[in-house]
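Asks: Got a structure for you, written out below as structure tokens; questions coming shortly.
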Amino acid sequence: MESLSFDEIFSQIKRNFYLLGIPLGKKPRFRYYISVMIVFMTIVHESLFFFSKFSRENFLELTQLAPCLSIGILATIKIVLIANKGNNILELANSLKTLYNDATNNEGKNQILREEMIFLRYLVKYFFMLNAILICVYNFSPFFIFAYYYFCKHEQVWRLPYAVIVGVSTESWYGWLYAYFHSTTSGFIVVLYFTTVDALYFILTTHTYCQFSLLSAEITQLNEENSYLLNNIVKKHQHILHLAKKLEKIFEGPNLFNVLIGSLEICALGFNVVMGDWAQLPGVMLFLSSVLVQILMISVFGEKLMQESMKIGDAAFLSQWYKMDRRSRRTILLLIVRAQRPCVLTAYNYCVISYQSFTKIISTSWSYFTLLKTVYSSERF
């Protein structure tokens, strides 16, 4: 089975960035600013609705709006931060492509890469599909609601997929149509924003930790006959460490807001699952699944990078260092010492992205949820 090429895996990301008006390595196009403005206006309209309805009586309705408002803010912040790192992303992608192409020419290394790349391709594919289904459910649900009320109850109900105040009356069909197209366009843009950024994170992180895996396999095979390869291995290790630092600089901003806003999203969505209407359950469950998968996968890839970078020390110890000369043994020792400090992805040093950060987000969400439920129950009774 032939390996996937780097371009084959990365092509969807490049197409998405081009569609958004952010061609990598070049200045953002005019359509990028237009799309950001459209989403920003929708966030303003949702915020106006939120504050206009801010009261005890509308508590449940406000928690239903909170996830949509949060995801809009999060996606906009992430795409703005990433758009300013276009040159860094392109440099990192080109460096990883060179390393990947060199590895695929070796059958042993190619075998290590193959399973990871197949998993990555399917992950990105189904991640896009899940979020495409989610946004379609939200954006097209008003038509099903309208049909239900019109044919079953003989009423005309003009509902919007998102609660917004747009400055025109939505009681008439033309006012509703304007608000509908404005909000649904923003919805599609927001999903394209955060899925593109997250898929980019998955791809770059996978290629980075795979290089640590390949290097570990190479170090394990060292013995007294091929100890002359140590100098090249050390240089390659330093190069991969440098790429991991670039990866951290690119995603430290988006990771911070994922951690901060993710807890609020899970809390509000979980509250709606428990306390909301049954009619909203399918959309809310899809939304919650998407958020949980996104935060989980970010944590999984952060953990994987950390673990694979530390395995360099284990691989060095498993080599036949005891048969090498003194200089080579000293070099092996330096590799082991350096590997004790793992490469990590952080949220601007607020926390390390790992399994522990995922459990922390879930724990924080649960605390917020119990607080919300207590407040809501006390207000009802």
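Taken together, the values in this text are just the output of simple stated rules run on the coordinates, not laboratory data. All values derive from a computational prediction rather than experimental measurement. Don't worry about glycine lacking a Cβ; one is built from the backbone with ideal geometry, like all the others, and counts go over all protein chains shown.
Asks: For the chain, which longest stretch is free of loop sites, where a loop site is one of the GluC sites (Glu not before Pro) that DSSP puts outside H, G, I, E and B and that has at most 14 other Cβ atoms within 10 Å?
Replies: Details: sites that count: 2, 57, 155, 171, 224, 225.
Formally, the longest exposed-site-free interval is 226-381.
Asks: At q = 0.16, 0.19, 0.28 Å⁻¹, what is the base-10 log of I(q)/I(0) for the stretch 73-144 according to the Debye formula with one equal point scatterer per Cα and no solvent? Please give it to two decimals.
Replies: Those come out to -0.87, -0.99, -1.11, one per q.
Asks: Could you tell me how many degrees, from 0 to 90 and to the nearest 10, lie between the Cα long axis of helix 230-275 and the main elongation axis, the longest principal axis, of the Cα atoms of the chain?
Replies: On a 0 to 90 degree scale, this one is about 20.
Asks: Here's something else I'd like to know. Taking a quarter of the surface of the Cα convex hull of the stretch 320-367, what do you get in nm²?
Replies: Values: hull surface 19.7 nm².
The orientation-averaged projected area of the Cα hull of the stretch 320-367 comes to 4.9 nm².
Asks: Let me ask you something else. Name the residue farthest towards the positive end of the dipole of the chain from the options 179, 237, 23, assuming +1 on Cβ of Lys and Arg, -1 on Cβ of Asp and Glu, about the Cα centre.
Replies: The residue sitting farthest along the positive end of the dipole is 237.
Asks: Next question. Could you derive backbone 3J(HN,Hα) for the stretch 29-36 from the dihedral phi with the Karplus parameters 6.51, -1.76 and 1.60 (θ = phi - 60°), listing whole Hz in sequence and x where the residue is Gly or Pro?
Replies: With the stated coefficients, the stretch 29-36 comes to 7, 4, 5, 5, 5, 5, 5, 5 Hz.
Asks: OK, next. Given +1 on the Cβ of Lys and Arg, -1 on the Cβ of Asp and Glu, and no further charges, what dipole in debye does the stretch 57-200 carry about its Cα centre, rounded to the nearest 20? Display every interim value, and only then the final one.
Replies: Details: 9 positive and 10 negative charges, 51 e Å.
Dipole magnitude for the stretch 57-200 comes out near 240 debye.
Asks: Could I ask something else about it? For residue 314 and residue 80, what is the calculated FRET efficiency with R₀ set at 41 Å and r taken between the beta-carbons, to the nearest 0.05?
Replies: Details: r = 40 Å, r/R0 = 0.98.
Here the calculated transfer efficiency is 0.55.
Asks: If I model a spin label at residue 7 and residue 289 as a point 7 Å from the Cα along the Cα→Cβ vector, what separation in nanometres do I get?
Replies: 3.6
Asks: Also, quick follow-up: Treat the count of other C-beta atoms within 10 Å as a stand-in for reagent exposure and order 109, 323, 97 from fewest to most. Before the final figure, lay out each step's value.
Replies: Working: 109 21, 323 13, 97 16.
Final ranking by Cβ density, sparse to dense: 323, 97, 109.
Asks: Follow-up. Over 30 Å between Cα atoms, which of 245/373; 235/323; 304/373; 109/249; 14/311; 27/304 qualify? Numbers along the way, then the final one.
Replies: Details: 245/373 42 Å; 235/323 22 Å; 304/373 36 Å; 109/249 28 Å; 14/311 32 Å; 27/304 33 Å.
Pairs exceeding the cut-off: 245/373; 304/373; 14/311; 27/304.
Asks: Might you report the magnitude of the Cβ-based charge dipole of the stretch 6-380 about its Cα centre, with Lys and Arg at +1 and Asp and Glu at -1, to the nearest 20 debye? Mind showing how you got there, number by number?
Replies: Numbers: 34 positive and 25 negative charges, 208 e Å.
I would put it at about 1000 debye.
Asks: Ok, one more. Using the Cα centre of the stretch 6-380 as origin and beta-carbon charges of +1 (Lys, Arg) and -1 (Asp, Glu), tell me which of 140, 60, 289 is placed farthest towards the positive end of the dipole.
Replies: 289
Asks: Computed FRET efficiency, Cβ-Cβ of residue 121 and residue 144, R0 35 Å: what is it to the nearest 0.05?
Replies: On the way: r = 33 Å, r/R0 = 0.95.
Approximately 0.55, to the nearest 0.05.
Asks: In the chain, if the dipole is taken from +1 on Lys/Arg beta carbons and -1 on Asp/Glu beta carbons about the Cα centre, which of 266, 75, 254 is farthest to the positive end?
Replies: Comparing the listed Cα positions along the dipole, 254 ranks first.
Asks: Using the alpha carbon gyration tensor of the stretch 23-124, what are the three equivalent-ellipsoid semi-axes (square root of 5 times each eigenvalue), largest first, in whole Å? Walk me through the intermediate numbers first.
Replies: Numbers: eigenvalues 358, 81, 13 Å².
In descending order, the three semi-axes are 42, 20, 8 Å.
Asks: Follow-up. What residues qualify as long-range amide H neighbours of residue 353, i.e. H under 5 Å apart, gap of 5 or more or another chain, H built at 1.01 Å from N?
Replies: When sequence neighbours closer than 5 places are left aside, the close amide H contacts are 345, 346, 347.
Asks: Next up: Pairing the Cα long axis of helix 59-83 with the longest principal axis of the chain, what angle in degrees results, from 0 to 90 and rounded to the nearest 10?
Replies: 40
Asks: Can you figure out the FRET efficiency of residue 107 with residue 349, using R₀ = 35 Å and their beta-carbon distance, to the nearest 0.05? Before the final figure, lay out the partial values.
Replies: Numbers: r = 41 Å, r/R0 = 1.17.
About 0.30, to the nearest 0.05.
Asks: Using helices alone, what [θ] at 222 nm do you get for the chain, with -39,500 (n - 2.57) per DSSP H run of 4 or more residues, divided over all residues and rounded to the nearest 500?
Replies: Values: 10 runs with 299 residues, N = 381.
Estimated from H runs of four or more residues: -28500 deg cm²/dmol.
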